[in-house]
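Data block below; observations after.
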Amino acid sequence: MEKFEDIHEKASWFRGEFLNRMSWMEKSLDTYIAKHFSGDDVQKEKDIHLLFLGDNRVTMENKKQIFHFLAEKYDNEWYEFYNSEIFDNASKSKSIDLNKDITELIKIRNVLAHRIVETNPVEDKREGYVGFSTYKNTKEVTYISDEQFIKMVNAMYSITSYIDKRVLKW
């Protein structure tokens, strides 16, 4: 059985690494959106970042929806080449896979950012997993394994790189 301190240390590492990587992925989405509307005008791109896409103005969920709309409508040929890093079952449309990956990452980001670490000794512990608990109406625990975590971090690297390469071609 894992020790209390070990679970907290692992949970802290999961949170820090995940949230840091997620911030970079979000910035890539911001840049894709800003470049769409600003073209080659660097000052307009900066203004869009500062005035519209900045902290607490547009949620990550809304950015995902804007990105999906723009990529599907204006950049679909590129958009359809994405391969999911999280899910094994590919959709008919690769753009749906990218959207599903981002949706899953947002969900897990919210778990890591807002839930407490499960350390109750009577809980259904899973060796090698870290549990994150919420207490809204009932108690719910989301367990994350090392393997799942690595898949999600790899997905964030992949998505960030995929979007960045597209933005650089403009």
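Structure notes:
- Selection within segment 42-58 - outside any helix (DSSP H, G or I) and acidic (D, E): D55
- Residue count, segment 144-170 (criterion: crowded, with 18+ Cβ neighbours inside 10 Å and free of Cβ contacts under 8 Å to residues at least 24 places away in the same chain): 0
- Considering only residues in segment 124-138 that are modelled with pLDDT under 90 and assigned to a strand (DSSP E or B), the one that is farthest from A113 (Cα to Cα) turns out to be T138.
- Selection count where residues are β-branched (V, I, T) and not in a loop (DSSP other than H, G, I, E, B), scope segment 59-89: 1
- Just one residue in the set N76, N62, N20, N56 is at positive phi and without any contact (Cβ under 8 Å) to a residue 60 or more places away in the chain; that residue is N56.
- Restricting S93, S84 to those that are farther than 22 Å from R21 by Cα, open to solvent by 10 Å² or more (accessible area, probe 1.4 Å) and either small (G, A, S) or modelled with pLDDT of 95 or more (or both) reduces the list to S93.
- Selected residue (criterion: farthest from the chain's Cα centre (by Cα)) from residues of segment 42-81 that are open to solvent by 100 Å² or more (accessible area, probe 1.4 Å) and of a type in the set (F, W, Y): Y74
- For segment 16-36, the set of residues classified as within 13 Å of V153 (Cα to Cα), surrounded by fewer than 20 Cβ atoms within 10 Å (Cβ to Cβ) and of a type in the set (D, E, K, R) consists of E17 only.
- Residue list for segment 32-41, filter: farther than 19 Å from L105 by Cβ and either within 17 Å of the chain's Cα centre (by Cα) or in a helix (DSSP H, G or I) (or both): A34, K35, H36, F37, S38
- Identity of the residue in segment 1-15, in contact with a strand residue (DSSP E or B) (Cβ under 7 Å, 6 or more places away or on another chain) and open to solvent by less than 60 Å² (accessible area, probe 1.4 Å), that ends up modelled with the lowest pLDDT: I7
The values are calculated or read from the model by the stated rules, or taken from the named source; none is laboratory data. Model, not experiment: these values are computed from the prediction. As a convention, Cβ positions derive from the backbone with ideal geometry for all residues, glycine included, and neighbour counts pool all protein chains shown. SASA here: full protein model, heavy atoms, side chains in, ligands and nucleic acids out. Shrake-Rupley method; radii C 1.70, N 1.55, O 1.52, S 1.80 Å.
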